[in-house]
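Working notes, structure below.
The values are calculated or read from the model by the stated rules, or taken from the named source; none is laboratory data. Being a predicted model, the structure only gives us computed values, none of them experimental. Neighbour counts run over all protein chains shown; Cβ positions are idealised from the backbone, glycine included.
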Amino acid sequence: MSSESYVIVGAGHAARRAAETLRERDAQAHIVMIGDEDALPYDRPELSKGALLSEKGEQRAFIRDAAWYDAQRIELRLGQRVESIDRASSRVIVSDGTRIEYKRLLLATGSRVRRFPGPLDDGVTLHYVRTVADARSLRAALARGKRVVVLGGGFIGLEVAASAVYAGCQVTLIESAPRLLMRSMPREVAEFIVALHRVKGVDVRMNTKPLAVRRGIDGTVVETDRGSIEADVVVAGIGVVPNVELAEAAGLNVNGGIVVDEQCRTVDSAIFAAGEVTAHFNPLLKRHVRVESWQVAQNQPAIAAANMLGASERYAETPWLWSDQYECNVQTLGVFEEGHARVLRGDPASGAFVMLSVSDSDALAAVAAVNAGRDIGACKRLISSGKPLDNVALGDASRSLRTLL
């Protein structure tokens, strides 16, 4: 086995998974992880949920402690930034001036929050939820009776709204689109989620565009195209931007993300990329996709690490993501496409149902399951099979989906 350096740029979930796999497969490899945050690597899903409610919830985001990295001889260079990649000499240049040579380089640079584009008055705090520091800051601001306004009706905004309700806050959520989750969820699922939040006391306002966040006489004022909303706490959850600048400056292909093949390879044979920063080729979907999910951060880096060590493994998974809001669990598989037939399985009024998307060839293409996680395993196998299915059978909730396999 080699003692040459495997350098990982980034120190988040994807970076941790890559480091774990490198060490599992090569006991002697010199592994260096470089990240611009001071915190140890952590997983992000908990940040919009338990981490907003307690320090114990925050700690659940940290899968490995400092002692583990020491025991595994993984060199952590935290609070440092890779400024550039010198591909000719196979070195990265770090913000402290250090030049680190690599045999193989993994870019796991993740994403950053999309900043609110409107005016923001001096002295007004606009919270985001992307880093553990963000979660700590917002947790300190949430208190019973506080007026919280959430900008954005995606999963992060919805999870923050639910956490704020649990903290005893008065919550308003505004979304500029006609409905929630327009790009990722069927209408029936979005309507169920809206109803859920309204039952919990959230004032959900759609078709409402935030224009500015101003300092008010008593707190903060969110100006919208449908009037102003007073707030004590304002949180923006309006998406993320992939951190591709380092790769772009190094001359690697970038197209909505760092372009990699199904083996996580860039155009440079010594440089790999993994995690949500990648526009990776998905052989199941037969196109490049960039997916922001726990699944990609967990599984793709393991493939990348194996291939950095000389393997030729493929990353080929049906995209899967999940969200917990209050007592509700939502999971999706695949990608909902316009023009595909939709099949409803179960009754939304019961609180548990599945929406299925069927392709032109009658194959199952995508699934959204609300409080029906038991069906996800069978749906995944049905999607992978590509076999034609009968819509009536798919929609028959009295019949197990396993009988269609």
*Would the range 283-299 turn up any residue that is of a type in the set (Val, Ile, Thr), under 20 Å from residue 6 (Cα atoms) and crowded, with 18+ Cβ neighbours inside 10 Å?*
no
*Going through the range 258-275 one residue at a time, which ones are touching a His at 6+ places or on another chain (Cβ under 9 Å) and crowded, with 24+ Cβ neighbours inside 10 Å?*
258, 260, 264, 273, 274, 275
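Among the residues of the range 43-54 satisfying the criterion of being farther than 15 Å from residue 166 by Cα and of a type in the set (D, E, K, R), which is farthest from the chain's Cα centre (by Cα)? Steps first, please.
Taking the range 43-54 as the starting set, the residues that turn out to be farther than 15 Å from residue 166 by Cα are 43-45.
Filter again for of a type in the set (D, E, K, R), leaving 43-44.
Working: 43: 10, 44: 7 Å.
The selected residue is 43.
Within the range 45-59, which residues are polar (S, T, N, Q) and in contact with a Ser or Thr (Cβ under 7 Å, 6 or more places away or on another chain)?
Taking the range 45-59 and keeping what is polar (S, T, N, Q), we get 48, 54, 59.
Of everything in the range 45-59, just one residue is polar (S, T, N, Q) and in contact with a Ser or Thr (Cβ under 7 Å, 6 or more places away or on another chain), namely 48.
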*asked:* So residue 249 ticks every box in (1) surrounded by fewer than 21 Cβ atoms within 10 Å (Cβ to Cβ); (2) touching a strand residue (DSSP E or B) at 6+ places or on another chain (Cβ under 7 Å); (3) closer than 18 Å to residue 301 by Cβ but one. Which box is left unticked?
replied: (3)
*Among residues belonging to the range 173-188 that are surrounded by fewer than 22 Cβ atoms within 10 Å (Cβ to Cβ) and of a type outside the set (A, V, I, L, M), point out the one that is nearest to residue 335 (Cα to Cα).*
184
*Matching option when the condition is out of contact with any Cys (no Cβ under 9 Å at 6 or more places or on another chain), under 28 Å from residue 158 (Cα atoms) and part of a helix (DSSP H, G or I), among 241, 234, 296*: 296
_Subset of the range 244-293 [of a type in the set (D, E, K, R) and either closer than 27 Å to residue 158 by Cβ or touching a helix residue (DSSP H, G or I) at 6+ places or on another chain (Cβ under 9 Å) (or both)]_ = 262, 265, 276, 290, 292
_Can you list residue pairs whose Cβ atoms sit under 6 Å apart, with the first residue in the range 147-167 being under 19 Å from residue 113 (Cα atoms) and the second being among the β-branched types (Val, Ile, Thr) and part of a helix (DSSP H, G or I)? Count only pairs 6 or more apart in sequence or on different chains._
150/160
*Just one of the numbered conditions (1) touching a residue at least 60 places away in the same chain (Cβ under 8 Å); (2) outside any loop (DSSP other than H, G, I, E, B); (3) not assigned by TED's automatic domain parsing to the domain that holds residue 160 is not true of residue 229; which one?*
(3)
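Can you give me the number of residues within the range 300-329 that are more than 26 Å from residue 21 (Cα to Cα) and either crowded, with 17+ Cβ neighbours inside 10 Å or touching a residue at least 60 places away in the same chain (Cβ under 8 Å) (or both)? Full working, then the answer.
Residues of the range 300-329 more than 26 Å from residue 21 (Cα to Cα): 323-329.
Cutting the leftovers down to either crowded, with 17+ Cβ neighbours inside 10 Å or touching a residue at least 60 places away in the same chain (Cβ under 8 Å) (or both) gives us 323-326, 328.
Going through the range 300-329 one residue at a time, the tally reaches 5.
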*Return yes or no: is residue 139 over 25 Å from residue 58 (Cβ atoms), among the basic types (Lys, Arg) and not in a strand (DSSP E or B)?*
no
